[in-house]
Amino acid sequence: EFRRVLFRSIVLPALTVLTWRQAGMYTDMETLWQKTLIRNPDCWMAQNNLGNLFLARGKPVEAERFFREALQFSPNHAEALNNIGIALATQGKLAEAIPYFEQAVQLKPDYAEAHYNLGTALANQRKWAEATQHYEQALQLKPGYEEPRYNLAIALAARGKLAEAVHDFERVLEIKP
């Protein structure tokens, strides 16, 4: 009986207070990752996830800073490399972005999104043949990933391969009318 009273009067309220304090850490994703970094400054995952939050908010400069930090702790992390490439490309720094995408696909050849992003950066530089290869690779790795198909059609049209381009445009329209 004494143990139950002790538990209800001291332990349970103490656990409630600790739970309430801990829950404040999870008010939003930014708070979670910031608090994670306070406790573990070397956490590349928290840096990368904060970068993704800022990228989603349309703040690529801030995102780039977090991705660079992530790469300090995990230099061969393909996702962070791809993400810094996206942040740079979003800022119009295609020449700087391309090596990050290339390194991401070199480290993780089956990374469809990095192939797509590399293809898009190359297409924006009018390097149509190279872009085509990366779009095709992205589609081969992830057949239901239709964004590369649309861009592939544009790259094929730019290269004068109109019949192939029309075929891919039609496929895109079938899937996403």
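The values are calculated or read from the model by the stated rules, or taken from the named source; none is laboratory data. Quantities reported herein were computed from a predicted structural model and do not represent experimental measurements. Cβ atoms come from the backbone with ideal geometry, glycine included; neighbour counts cover every protein chain shown. Accessible surface areas use protein heavy atoms only, side chains included; no ligands, DNA or RNA. Shrake-Rupley method; radii C 1.70, N 1.55, O 1.52, S 1.80 Å.
Here are the numbers for the structure shown:
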{"item": "Subset of the stretch 74-99 (residues that are among the hydroxyl-bearing types (S, T, Y) and closer than 13 Å to N117 by Cβ)", "result": "T90"}
{"item": "Residue selected from the stretch 106-129 under the condition outside any helix (DSSP H, G or I) and among the charged types (D, E, K, R), by the criterion farthest from P148 (Cα to Cα)", "result": "K108"}
{"item": "Tally of residues being open to solvent by 80 Å² or more (accessible area, probe 1.4 Å) and at pLDDT below 55 across the stretch 18-45", "result": "3"}
{"item": "Count of the stretch 130-156 residues which are in a helix (DSSP H, G or I) and either open to solvent by 50 Å² or more (accessible area, probe 1.4 Å) or among the acidic types (D, E) (or both)", "result": "9"}
{"item": "Residues located in the stretch 66-123, provided they are within 11 Å of the chain's Cα centre (by Cα) and buried (at least 24 other Cβ atoms within 10 Å of the Cβ)", "result": "F67, A80, L81, N82, N83, I84, G85, I86, A87, A114, N117"}
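For (1) of a type in the set (A, V, I, L, M); (2) at pLDDT below 95, each residue gets a yes or a no:
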position: E130; (1), (2): no, no
position: Y135; (1), (2): no, no
position: E170; (1), (2): no, yes
position: L173; (1), (2): yes, yes
